[in-house]
Amino acid sequence: MRRPVVLLVVLVLVLAGAGAAAFYLTRSSTPDYDPVAIAPRPGTPPAGQPPDPALATYYSQKLDWQACGEDDCTTLTVPLDYADPGGETIGIHVVRRPADDEGHRVGSLLVNPGGPGSAGSAMAISASSYLGPSLLRYYDVVGFDPRGTGQSDPVDCLSDSDLDAYLAADPEPDTPTEEKAYVREARSMGRGCAALSGALAAHISTEEAARDMDVLRAALGDAVTSYLGYSYGTELGATYATLFPDRVARVVLDGAVDPTLDVEQAALTQAHGFETALRAYVQNCLDVTDSCFLGDSLDAGLQRIRDLLDQVDAKPLTTSSGRPLTLGLAITGIITPLYDRGTWIVLSQALRSAFDGDGSTLLLLADAYSRRQSDGTFASNLLEAFPAISCLDDPEGVRPAKVPSLVPAFEKAAPTFGESFAWGLIGCRGWPPARDVPRERLVIDAEGAPPIVVIGTTRDPATPIEEAEALASQLVTGVLVTRDGDGHTAYHSGNDCIDAAVESYLVEGRVPESGLAC
């Protein structure tokens, strides 16, 4: 995925999940559907038949399920390097939430919350917060931590203190000294991955994770599989469908990304997406209050936020924890609640405090984004796995000397965030773990797969609607569904039309009309 290493393309489970759950309670009804069990198409190979005889041991493995709270968990064994199946192996952490109605079970639903770097096991554990009752009733929800993430041989790139410095770095360097410091922090991640993770850092690509999914399908005993992926998870799902079209059953890709974009196009598109979301947030403040604390117009509100960022750039804000709120952390703190309209109220609280000189709430939002805990440790390796996977997929990057020439275009597309996105383009430049890894870019088309439902949201900040439109057109059997709304991803966000389209397709196999607008 050609993404700038500056922002996550991720479903933020801490914040967006809470908002989604709250919105879902307002759904006018929770219709049930007539389950239609998934049957493989004629000619589909048996579940355990590997695509390569050398992989037979992996495809024939039996999973040893253990009780993990209310769910089941196990470890799937896969080769570190699919080109060397007899070599070193790694373990993939898998969690299964069994269907509520085993007698009418439709099949297994693999889920992925995005990232890259988010642990899919967490989504299975909290499935009732993210999926409608009909999916819980008829599907075994199976979440897995993609290789290098969560509990699946997590990649390690920086110490906690070094990761703190990396996240706090100034993404808008104003002087040669600041520029050198930012470049140094950006390059520290790749060098750290190579030094601390060795061969693993060269084998956590999206394509390898998709191959792991097929081994998991076979180990589950399913000839074909269904999948629900969000954000980056749409690229993972589309990659799987392209590699294994005959193994696809029902697939939904929500908050879709366009895998054909190069690093500059992807960064520019996403910068504009977050700017659009910020504009929607400010306009909402103007619409719902007689006296918006941001100002008396859209332009005034946006300018006040930009002025705040400039002030933080000149002098970081103090916080109750004693850690300064730097510009990099302030931008992350503002962006985090833009993923979900339900958390805009938190952004307002954070900005009010920041205007008064207290950066504590913005820092808490930035820490929620990175999963940083109050003791300085991180609850997951998300912020290391994200660049490690992204840069391995596509090690293209921009030379630091070129960035200033790109800034005007980025600032035009995103006056508030543009410059930081432009500097984020240097992140994958010369990515060390990718240097000796041969690669041929996979053309994503999923030719031969059954219908694949692709969903986009009109004001999605992280994956703008144009990307869903593009992915749907690239997939031979892509079916585009759109939601008119705010926030990242569409399913389970309070839109009955979207929920019905997703659930009736996954449960009954009823393909929504292409072009459906909700």
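The values are calculated or read from the model by the stated rules, or taken from the named source; none is laboratory data. None of these values were measured; they are calculated from a predicted model. Cβ placement follows ideal geometry from the backbone for every residue including glycine, while neighbour counts extend to all protein chains displayed.
The table below lists the values:
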read-out	value
Cβ pairs under 8 Å, 6+ apart, first in the range 173-189 and over 13 Å from G328 (Cα atoms) and touching a residue at least 40 places away in the same chain (Cβ under 8 Å), second among the hydroxyl-bearing types (S, T, Y) and surrounded by 18 or more Cβ atoms within 10 Å (Cβ to Cβ)	M189/Y166
Test result for L135, part of a helix (DSSP H, G or I), farther than 27 Å from L364 by Cβ and either modelled with pLDDT of 95 or more or in contact with a Lys or Arg (Cβ under 7 Å, 6 or more places away or on another chain) (or both)	yes
Cβ pairs under 6 Å, 6+ apart, first in the range 87-105 and assigned to a helix (DSSP H, G or I), second at pLDDT below 95	H104/P35
Failed condition for D145, given (1) closer than 14 Å to S197 by Cα; (2) crowded, with 20+ Cβ neighbours inside 10 Å	(1)
Index of the failed condition, A354 passing every other in (1) free of Cβ contacts under 8 Å to residues at least 60 places away in the same chain; (2) surrounded by fewer than 21 Cβ atoms within 10 Å (Cβ to Cβ); (3) closer than 21 Å to A277 by Cα	(2)
Pairs where the first residue, in the range 497-512, is touching a residue at least 24 places away in the same chain (Cβ under 8 Å) and the second is surrounded by fewer than 19 Cβ atoms within 10 Å (Cβ to Cβ) and of a type in the set (D, E), C-beta under 8 Å, 6+ apart	V507/D34; E508/D34
Exclusive hit being outside any strand (DSSP E or B), at pLDDT below 65, under 29 Å from the mean Cα position of the chain (by Cα) and buried (at least 21 other Cβ atoms within 10 Å of the Cβ), set V5, V14	V5
Enumerated helices (runs of 4 or more DSSP H) restricted to the range 219-330, each holding at least 2 residues that are surrounded by fewer than 20 Cβ atoms within 10 Å (Cβ to Cβ)	263-288, 298-314
Within the range 193-212, tally of residues that are touching a residue at least 40 places away in the same chain (Cβ under 8 Å) and over 17 Å from D81 (Cβ atoms)	1
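Residue-by-condition table, conditions (1) closer than 17 Å to V215 by Cβ; (2) surrounded by 19 or more Cβ atoms within 10 Å (Cβ to Cβ):
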site	(1), (2)
Y139	no, yes
D153	yes, yes
S159	no, no
L163	no, yes
P176	no, no
